[in-house]
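Shown next, in structure tokens, is the structure this report addresses.
The values are calculated or read from the model by the stated rules, or taken from the named source; none is laboratory data. For clarity, every value in this text was computed on a predicted model and none was experimentally measured. Here the Cβ is made from the backbone with ideal geometry for all residues, glycine too, and neighbour counts use every protein chain on show. Ligands, DNA and RNA are stripped out before the accessible areas are found, and what is left, the full protein with its side chains, is counted by its heavy atoms. Shrake-Rupley method; radii C 1.70, N 1.55, O 1.52, S 1.80 Å.
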Amino acid sequence: MGSEQTWFSWAHCQDSESPGPDREREKRWAELFDQLDLNKDGRIDILELQTGLAGRGLSSGSVERIVESGDTNHDGVLDFEEFTEYLRTNEKQLKLMFSSLDKNNDGEIDAAEIQLSLRSIGVNISVEDANRILLSMDKDGTRTIDWNEWRDYFLFNSLNNMEDVARYWKHSLILDIGEQLTVPDEFSEEEKKSGYVWRQLMAGAMAGSVSRTGTAPLDRLKVFRQVHGSTHFKGNVLSSFRYMVKEGGVQSLWRGNGINVLKIAPETAIKFTAYEQIKNVMRGGNETTNLRVHERFVAGSLAGAVAQTAIYPMEVLKTRLTLRKTGQYSGIADCAKQIIQREGVTAFYKGYIPNLLGIVPYAGIDLAVYETLKFAWLNRNRGLDPGVMVLVGCGAVSSTCGQLASYPLALIRTRMQAQATEKGAPKPSMLKLFHSIVTQEGVAGLYRGISPNLLKVIPAVSMSYVVYEYTRIVLGVDIEGRKRKKGKKKDG
């Protein structure tokens, strides 16, 4: 918190230009250098920079890039001359960017100018989104961004073009907490052409694989409680785990995880492709038309429905494999074969209707809560970038709210998926099953298994975020979305 206050006291001094602006600027830079030089050795290393700029939401990749850009003698640290030269060069670039955004040359950037500039590179945002961006930078509450606010906000971020600005504002993240019903992210045409989108989706798939595997025991417990209610599991989470381990050993806790991980890639790819096509239809072929939040929700829900329809047989297989007893199936293929022989092909779409109905409350509430939390944070923290961890927190809370709203439908879906009936035998409908649960178990019966489901949110989000960030670094894209440039180290 101290570093944040130090930064703002320095930035505030920058707002008033003195008669000798160059001398005043050099003086402020010297003060900032002294504040960042924690051990007072006349040099700033990466750790000192990370500590001093902690309140600005910069990733480790951004801090490394600052040192790489300014370190002219390649000794891994910045001395005062290198530090001031970096700031001087960056400020010149920021001035050019500011001038290009300020279309009417009034010395201020408004929401319409932000919207117009992003549209020029294929990023179509609504007026509401443009105002949110403006709010994150507007420290004096004028609903516009002047040069001082622009400079202070981006001083430690190298921006070369509008694509860099767009990616910085967007902070795209794909977090996987076991359900893929969220509305897909927005990408510019440049990002699609460059392959950035698929690198990001790949990073998201890797993160989802690790987080699902790490929380698979809790997911299996959730499914067991959803299907069997209180008949098998009357105790707490620990006693339930003991029951499963006793039946099939420790490895049984991961039953069904293989296919749960396998379905991530096709579901992500289908949903993203469908989302882009549905957006084009809604725009009427006009790429400059902006989709508002409720339109994004509709497009996202429809894309989710398309993806779920395509991979739904894998959902049924996942439920059956998760619930299987020792020796019941030899693998995924054997499970599919037995289902076809005993129940017919239609069994692969058991629970399909409640699954589709669950998409609407989940995606709608997830998107609404996420936007509300982010906007509330920006209102309370004017002129601050939310940073990655704030967005991760908003994503975790919004996804949890979405799950709570759609949970009864998810429970009915799982019970219908788990029902093994003979070919031609009558299948209980969704409404009959709903009535049966409420009659026999009460309203609480619709929330069986909710506790392990909530318990897995924090570890799933944590694992997903860590793996996601490192995978993006390996793929050559850091958390701000820019391609990392590996500087050649020279012996100094």
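Across the alpha-carbon atoms of segment 63-111, the computed radius of gyration and Dmax are 14.7, 44 angstrom. Averaged over residues, the count of other Cβ atoms within 10 Å places the peptides 218-225, 356-363, 28-35, 330-337 in the sequence 218-225, 356-363, 28-35, 330-337, highest first. On the beta carbon distance between ALA376 and LYS337, with R0 = 51 Å, the FRET formula returns roughly 0.45.
What FRET efficiency comes out for ARG242 versus VAL281 if R0 is 35 angstrom and r is the Cβ-Cβ distance? Round to the nearest 0.05. Can you show the working numbers first?
Working: r = 52 Å, r/R0 = 1.50.
In this case the efficiency is close to 0.10.
Summarising the amide proton neighbourhood of LEU53: residues at separation of 5 or more, or on other chains, whose placed amide H is nearer than 5 Å comprise an empty set.
Along segment 251-260 the Karplus relation, 6.51 cos²θ - 1.76 cosθ + 1.60 evaluated at θ = phi - 60°, assigns HN-Hα couplings of 5, 5, 5, 9, 5, x, 6, x, 6, 5 Hz to successive residues, with x for each Gly and Pro. Accessible surface for ARG25 stands near 60 Å², nearest 10, in the context of the full protein assembly shown (1.4 Å probe).
Remark: segment 365-377, residue by residue, has Karplus-estimated 3J(HN,Hα) of 5, 4, 5, 5, 5, 4, 5, 5, 5, 5, 5, 5, 5 Hz, where x stands for each Gly or Pro and the curve is 6.51 cos²θ - 1.76 cosθ + 1.60 at θ = phi - 60°. Taking each residue as 0.36 nm, the span from THR51 to ILE458 lengthens on full extension beyond its C-alpha to C-alpha distance by 144.0 nm.
Direction-averaged shadow area of the convex hull around the Cα atoms of segment 307-422, nm²? Result: a mean projected hull area of 9.0 nm².
Working ranking of peptides 236-248, 440-452 by packing, defined as the average number of other Cβ atoms within 10 Å per residue, highest first, is 440-452, 236-248. Modelled spin-label separation between LEU262 and GLN440, with each label point placed 7 Å from Cα along the Cα-to-Cβ direction: 3.1 nm.
Pairs from the table (LYS279/LYS374; LYS95/LYS271; LYS139/LYS279; LYS263/LYS325) lying more than 32 angstrom apart at Cα are LYS95/LYS271; LYS139/LYS279.
Amide H to amide H distances under 5 Å link GLY344 with no residue, where only residues 5 or more positions off or on other chains count and H is placed in the peptide plane.
A simple rule links phi to the HN-Hα coupling: the Karplus curve 6.51 cos²θ - 1.76 cosθ + 1.60 with θ = phi - 60°, which for segment 128-133 gives 4, 5, 4, 5, 5, 4 Hz, with x for Gly and Pro.
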